[in-house]
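Q: Shown below is the structure under consideration.
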Amino acid sequence: MKIIVHGSMCVASGNCGLVAPSIFQNREENHGFVELLQMYPSQDDAHSALEAEYLCPSGTIQIDNHKIPVEKPDTSGESRE
């Protein structure tokens with residue numbers, strides 16, 4: 001999984017830092033705009049990264065070249081095959 005942050009699109013909502021704090025930060029000294037901490041998060045962080053991508057109101061976060069806006073991630077834990 002590769003995460004790309006389109007910083008110029010960020011509106012500093014802070015959703016990403018709330019749902020995936022080990023991957024994203026929204027620091028006050030940066031006026032709340034997103035800072036990417038891990039471009040390649042662990043498998044354990046994959047679900048929260050996908051949730052952050054979906055919750056981003058401006059489409060700033062893009063994972064594995066997903067189309068923007070993204071579809072809601074599957075939270076059931078079941079694979080779609």
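The values are calculated or read from the model by the stated rules, or taken from the named source; none is laboratory data. The structure displayed is predicted, hence computed values, not measured ones. Neighbour counts run over all protein chains shown; Cβ positions are idealised from the backbone, glycine included. Areas reflect the complete protein model, heavy atoms only, side chains present, ligands, DNA and RNA absent. Shrake-Rupley method; radii C 1.70, N 1.55, O 1.52, S 1.80 Å.
Q: Would a scan of the stretch 49-63 turn up a residue that is more than 13 Å from residue 4 (Cα to Cα), in a helix (DSSP H, G or I) and touching a Pro at 6+ places or on another chain (Cβ under 9 Å)?
A: yes
Q: Output the qualifying pairs, or none if there are none: Cβ atoms under 8 angstrom, residues six or more apart or on different chains, first residue in the stretch 43-66 and on the phi > 0 side of the Ramachandran plot, second residue open to solvent by 30 Å² or more (accessible area, probe 1.4 Å) and not hydrophobic (A, V, I, L, M, F, W, C).
A: Close Cβ pairs satisfying both conditions: 59/6; 59/69; 64/2.
Q: Exactly one of these conditions fails for residue 53: (1) among the charged types (D, E, K, R); (2) modelled with pLDDT of 90 or more; (3) loosely packed, with under 14 Cβ neighbours inside 10 Å. Give me its number.
A: With respect to (1) among the charged types (D, E, K, R); (2) modelled with pLDDT of 90 or more; (3) loosely packed, with under 14 Cβ neighbours inside 10 Å, residue 53 is out only on (3).
Q: Something else: Regarding the stretch 62-70, can at least one residue be identified that is out of contact with any helix residue (DSSP H, G or I) (no Cβ under 9 Å at 6 or more places or on another chain) and modelled with pLDDT of 95 or more?
A: Scanning the stretch 62-70, I find no residue that is out of contact with any helix residue (DSSP H, G or I) (no Cβ under 9 Å at 6 or more places or on another chain) and modelled with pLDDT of 95 or more, so the answer is no.
Q: Can you find a residue that is under 12 Å from the mean Cα position of the chain (by Cα) and either touching a residue at least 60 places away in the same chain (Cβ under 8 Å) or outside any helix (DSSP H, G or I) (or both) anywhere in the stretch 71-78?
A: Scanning the stretch 71-78, I find at least one residue that is under 12 Å from the mean Cα position of the chain (by Cα) and either touching a residue at least 60 places away in the same chain (Cβ under 8 Å) or outside any helix (DSSP H, G or I) (or both), so the answer is yes.
Q: Still on this model: For the stretch 1-18, name all the residues that are part of a loop (DSSP other than H, G, I, E, B) and either in contact with a Ser or Thr (Cβ under 8 Å, 6 or more places away or on another chain) or open to solvent by less than 30 Å² (accessible area, probe 1.4 Å) (or both).
A: 6, 10, 11, 13, 14
Q: A further question follows. Here is a list of conditions, (1) open to solvent by less than 80 Å² (accessible area, probe 1.4 Å); (2) under 17 Å from residue 73 (Cα atoms); (3) out of contact with any strand residue (DSSP E or B) (no Cβ under 9 Å at 6 or more places or on another chain); (4) modelled with pLDDT under 95, and residue 30 meets all of them except one; can you say which number that is?
A: (2)
Q: Need pairs with beta-carbon distance below 7 Å; first residue in contact (Cβ under 8 Å) with a residue 60 or more places away in the chain and among the β-branched types (Val, Ile, Thr) and within the stretch 1-20, second assigned to a strand (DSSP E or B) and crowded, with 20+ Cβ neighbours inside 10 Å; sequence gap 6+ or separate chains.
A: Close Cβ pairs (under 7 Å, with a partner that is assigned to a strand (DSSP E or B) and crowded, with 20+ Cβ neighbours inside 10 Å) amount to 3/61.
Q: What's the total number of residues in the stretch 7-66 that are of a type in the set (Phe, Trp, Tyr) and touching an Asp or Glu at 6+ places or on another chain (Cβ under 8 Å)?
A: 2
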